[in-house]
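Enquirer: Following this message is one structure expressed as structure tokens.
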């Protein structure tokens, strides 16, 4: 199911580097933010501070994907060829261009360290300068332990990048894939 364009969403972004650079943007309706966070925190095992798909067992990944696909969350994947830095820039530009049509009210990108985050800040500022809708949107970098909705993007990027059966299992939550280059 795709979100209606009239529904306000918050967008949570993570990345994965495979043969191609993948940027996953999980769109969560504003009305469901709190409930979805509760569900995500409830998926943690004892001692876990966050979900990170690369650290989960094969069986646990399967269980988690069933849970995630049952949420009212849609994920867009941006897949870019080339070296990671320009590929990431192209993927982020494509996402920024799509945000107004997605009904985005807030963008949260997983923090990658101060210097890397500053690159994102400049890129988002450029989009805010040229698009009034993007300008009015809130924007943050957060650590995965602080924002459980980032875990959805992490899972989607991992599963899509893994391909095969993993991609098939994640497909119900993936709304769109944009291939760049």
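The values are calculated or read from the model by the stated rules, or taken from the named source; none is laboratory data. Just so we're clear, the structure is a prediction, and the values are computed from it rather than from any experiment. Neighbour counts are summed over all protein chains in view; Cβ atoms, including those assigned to glycine, are modelled from backbone coordinates with ideal geometry.
Enquirer: Given the options 51, 45, name the one that is part of a loop (DSSP other than H, G, I, E, B) and surrounded by fewer than 21 Cβ atoms within 10 Å (Cβ to Cβ).
Expert: Criteria check complete, one pass: 45.
Enquirer: So, one more: Taking interchain pairs and intrachain pairs at least six residues apart, which have beta carbon atoms under 6 angstrom, with the first residue in the stretch 112-126 and on the phi < 0 side of the Ramachandran plot and without any contact (Cβ under 8 Å) to a residue 60 or more places away in the chain and the second part of a loop (DSSP other than H, G, I, E, B) and surrounded by 14 or more Cβ atoms within 10 Å (Cβ to Cβ)?
Expert: Filtered contacts from the stretch 112-126: 117/111.
Enquirer: Could you look through the stretch 102-136, keep only residues that are modelled with pLDDT under 90 and in contact with a helix residue (DSSP H, G or I) (Cβ under 6 Å, 6 or more places away or on another chain), and pick out the one that is surrounded by the fewest Cβ atoms within 10 Å (Cβ to Cβ)?
Expert: Residue satisfying both the conditions and the ranking: 135.
Enquirer: Please work out which residue is surrounded by the fewest Cβ atoms within 10 Å (Cβ to Cβ), limiting yourself to the stretch 137-177 and to residues that are over 23 Å from residue 39 (Cα atoms) and in contact with a strand residue (DSSP E or B) (Cβ under 8 Å, 6 or more places away or on another chain).
Expert: Among them, the one singled out is 138.
Enquirer: I'd like to verify a number: residues in the stretch 162-177 that are in contact with a helix residue (DSSP H, G or I) (Cβ under 8 Å, 6 or more places away or on another chain) and not in a helix (DSSP H, G or I), how many?
Expert: Of the residues in the stretch 162-177, 2 are in contact with a helix residue (DSSP H, G or I) (Cβ under 8 Å, 6 or more places away or on another chain) and not in a helix (DSSP H, G or I).
Enquirer: For residue 180, work out the one condition from (1) surrounded by fewer than 20 Cβ atoms within 10 Å (Cβ to Cβ); (2) touching a strand residue (DSSP E or B) at 6+ places or on another chain (Cβ under 9 Å); (3) at pLDDT below 95 it doesn't fulfil.
Expert: Result: residue 180 passes all but (3).
Enquirer: Would you check if residue 96 is assigned to a helix (DSSP H, G or I), within 25 Å of residue 7 (Cα to Cα) and under 13 Å from the mean Cα position of the chain (by Cα)?
Expert: Yes; evaluated as a whole, the condition is true for this residue.
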